[in-house]
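Notes for the one structure printed next.
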Amino acid sequence: MMKYLSTLLCILISGYCQANVVNGRVTDDKDQPLPFATIFIKGTTTGTTTNAAGQYHLDLPPGQYTIVCQYIGFRRTELPVNVNAPTQTLNFRLQPVNMQIREVVVKAGGEDPAYAIIRQAIKKRQLYHDQVKEYTCMLYIKSAVGMQNVPTKFLGTKIDKTEMGVDSTGKGMVFLSESITKISARQPDKIKVEVISSRKSGGGFGLTFPAIISFYDNNVEAVITQMGPRGYISPIAENALAFYKYRLEGTFIEDGKTINKIKVIPRRKQEPLFFGDIFITDGDWRIHSTDLFLTSEYQLELMDTLEIRQTHVPVTADIWRVKDQVVRISFNKFGFRMGGSFVNVYSDYNVHPNLPAGFFDKVFLKYDTAYDKQQHAYWDSIRPVPLEPAEIKDYHEKDSAAQAERDSAASKYRLATLQKKQKPVKLTDILWGGARHKYYFRRDSAINFHQLYVKGLLKSLKSNTVEGLALALEPELTINTSEESNLRIASFIRYGLSNTHLNAYTEINFHNSSRISNRFGHNDWKLAGGKRISQFNQDNPIDNIANEFYTLFLKENYMKLYENWFGNLQYSRTFQTNDRLTVGVNYESRIPVENTTDFVFFKNDRKQFTPNHPQELANVPFERHQALVADVSFTYQPGQQFIELPDRKIPLGSKYPTFKISYSKGIPNVANSIVDFDKWNFSVQDNMNFKLLGEFRYHIGVGGFLNDKNVQIPDYQHFNGNQTFYNMKYLNSFQLAPYYQYSTTASFYTTANVEHHFNGLLTNKIPLFNRLKWNLVAGANAFYVNSDNNYVEVFGGLENIFKMIRVDVVAGYQSKQDTRIGVRVGFGGILGNVVKFNSR
């Protein structure tokens, strides 16, 4: 084995030794650099791209070559070179193409000749889309994002520019990475990306997944979903003529082919459309190159502009593929101004790789075992796009700083410095922001820490009609037990000033990663016990802030509570596939409590607080009792794909729905438990993106009681109602339903929550209104128990208001009651969806 490794090493070393470098600059006729120009060896796809300064270099074995240089809008140039020295310079000075305007007689009511070319390209689109059944290629990716300005504060919080990696003026490189990957693809939708090597300035993961953009797709995924959820209509899509106007700018000859430059002009703003130039070859009507843009006027979210430049070259006599692609972005919002470029250089295409049948498995992105072990010399020898001075500086400074951090990490001085440099706890932290202190220690030549955190006292305050004002203290200690495990100990102490009850309990969570049958996953254990106050509906349909507002200002006490001494033990295993098994047992000694205060800020004699016992269940007694309940649930999503790291796999997602089944058993005659029931539930949910038509989300469930011999109110099937003005649980609630009116112990029930997010469809047709980018959302929620117990509501609303707010108008039909109309406010939209995710 060692003999073969030695032989391979000698071959690699000799290859590097024999390779010579051809470098130079690419400029225009006025000696201005041409950034991201295409350089390749004629007859191959071996080549490179110039950097922003127009510089390039090529590593070539000795021999005779013809080097081709081309740039959109300039005449393609070929220069011969005899590679016979370690370093040779070959500069290109490109001349603007001389556009020839066709002599076309346009009759009254006629059209521009560009339309005839585009129609031919549309006819050929499917052919070129399906032409290559499978292929492999190598890809170099360089991603660079720089800041030109950073505000002093954002949302009232001071910004530490040093932590962002910028100087005092707010300028600097904030992200720089490069990688070498191998792409394998098969029609219609199979792809595997293998990361050979990757590097990020300062260490960590770089951007290694390619932005594969094909204008032969009808719907082009030009950016990540959040920034363009509907995708963008290709200038040569089947229905492109309904969305674009075209103008023939001229033609030129390149390598014996006539190239048509066509201006792409959107017919309407606020549609997901490109504008710019597309170059189409004459006769075979294929894409030669593109220089297309997206802006906020054409449904680009968050970013201001995005430019896509592609150059296509022949791979075989009749097959062309993308040789290089440059995506440039700009952002100027909230005082932040930045720009970035993402350069993809493709090479070594094989359009007949004959990949084995099982090659495309569940692994979508795979990292080589030594992907991050290469030294600087490796990158200098293999990098096809020269680094710019700012990039060289960024690598040097951040890599040196990261190394210095690692070198000093285990020193006593470093440890003492970190302890001393902690920010002192201020009165504002104790009252509002939260106080924290870190306890640093050394483990395996690295510094770790434990952390003590105490939530702000004012944030911990609660108020309800049972306790009155409740003073609370919520400390939390996180102990870093190992690299892959931690222990969290949290205590919750609260004292009701009105009922003079003290409730206190502790929750211990232990998280650790482990392998089962060589498959990675993580385990979570939870042990909790003490005395607490709980909502009858354990899904907690109303939160403390909403309840406090409605209680103190509007004299409406929707939150219904009981006290309980409890003990809880729960175990969950999250598998490598992201499926999750949860098993738990909970014991409660449940104690009824009553209202003890009617305090409000504004007196209102026309209203009275309702009893703490849910009035809709007034005929269901609730007395002190004990309950022992065991629960088990399993969540499963088929078709999971993975990112494979050298030591583990990380689930990436799936196109299939998520299924969940759960079962609860009330166990009688153990520790005086009186409950006796068997309850089950099965649900399925999914988000389905139909691109131009919007996104459809649904959550459908069925369940019931197999046995209901003794079911207490906390164990009922409660449907998450909502009687407040705002909503957070859109796919797990009923926006106008009372909280406990429909609670049941029936043997069968079914629920359905569906909503369609139009993501700009329809609203983008309304003049002036479409500039706001407020998007329509519509749907319905329903459940059915029996003919006397059912509920349906329909709603329509607007989301993406200020990028994060959603407002719905809801009509709810309740059994044997009049239709109710209401308005609900929540989070929804580009930033609102992030808020909802974090809240969960």
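Where a number appears in this text, it was derived from the coordinates with a stated rule and is not lab data. Note that this is a predicted model, so its numbers are computed, not measured. Cβ placement follows ideal geometry from the backbone for every residue including glycine, while neighbour counts extend to all protein chains displayed.
Summary table
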read-out: Gain in span if fully extended, ARG406 to VAL21, counting 0.36 nm per residue against the direct Cα distance; value: 135.1 nm
read-out: Helical mean residue ellipticity (222 nm; -39500 (n - 2.57) per DSSP H run of 4+; nearest 500) of the chain; value: -3500 deg cm²/dmol
read-out: Cβ crowding within 10 Å averaged over residues, with 295-307, 375-387, 588-600 ranked highest first; value: 295-307, 588-600, 375-387
read-out: Estimated Rh, the chain: Kirkwood, alpha-carbon pairs, angstrom; value: 31.7 Å
read-out: Cα-based radius of gyration of the stretch 17-93 once divided by 2.2 N^0.38 Å, which approximates compact folds; value: 1.03
read-out: For peptides 37-46, 766-775, sequence by mean Cβ density within 10 Å, most packed first; value: 37-46, 766-775
read-out: The stretch 114-401 - charge dipole about Cα centre, Lys and Arg +1 at Cβ, Asp and Glu -1, debye rounded to 20; value: 640 debye
read-out: Volume per residue that the Cα convex hull of the stretch 114-401 spans, once the total is divided by residue count, Å³; value: 159 Å³
read-out: Sites VAL809 and TYR656 - FRET efficiency at Förster radius 56 Å, r taken between beta-carbons, to 0.05; value: 0.95
read-out: Cα-derived Rg to Rh of the stretch 526-675, Kirkwood definition; value: 1.11
read-out: Long-range amide H partners of TYR244 with built H, under 5 Å; value: ARG267
read-out: Total formal charge among the other residues, if their Cβ is under 12 angstrom from that of PHE705, Lys/Arg +1 and Asp/Glu -1; value: -1
read-out: FRET efficiency, LYS269 to ILE392 (Cβ-Cβ, R0 41 Å, nearest 0.05); value: 0.50
read-out: Rounded to 10°, Cα long-axis angle of helix 2-18 versus longest principal axis of the chain; value: 50 degrees
read-out: 37 °C / 0.692 mPa s Stokes-Einstein diffusion coefficient of the stretch 166-218, Kirkwood radius on C-alpha pairs, µm²/s; value: 240 µm²/s
read-out: Charge-dipole axis of the chain as Lys and Arg at +1 and Asp and Glu at -1 on Cβ define it, positive-most pick from PHE602, PHE252, ASN578; value: PHE602
read-out: Helix 389-408 vs. the chain, principal-axis angle (Cα, 0 to 90°, nearest 10); value: 50 degrees
read-out: Estimated FRET transfer efficiency when R0 is 45 angstrom, pair ASP678-ARG436 (beta carbons, to 0.05); value: 0.50
read-out: Size of charge dipole - the chain - debye, nearest 20, with Cβ of Lys, Arg +1 and Asp, Glu -1, no other charges; value: 880 debye
read-out: Residue order, fewest to most surrounding Cβ atoms within 10 angstrom, among VAL343, VAL684; value: VAL684, VAL343
read-out: Ascending count of other beta-carbon atoms within 10 Å, so fewest first, for ASP444, ASP429; value: ASP444, ASP429
read-out: Inter-label distance for LEU772 and ASN707, nm, one decimal - labels placed 7 Å from Cα along Cα-to-Cβ; value: 5.6 nm
read-out: Cut-off 19 Å, label 7 Å out along Cα→Cβ of GLN570, residues of the stretch 521-540 by amide N; value: 522-540
read-out: Square roots of five times the Cα gyration tensor eigenvalues for the stretch 306-377, Å; value: 31, 22, 14
read-out: In nm, spacing of pseudo-spin labels at SER633 and LYS607 (7 Å Cα→C-beta vector); value: 3.3 nm
read-out: Inter-label distance for ASN350 and ASN509, nm, one decimal - labels placed 7 Å from Cα along Cα-to-Cβ; value: 4.7 nm
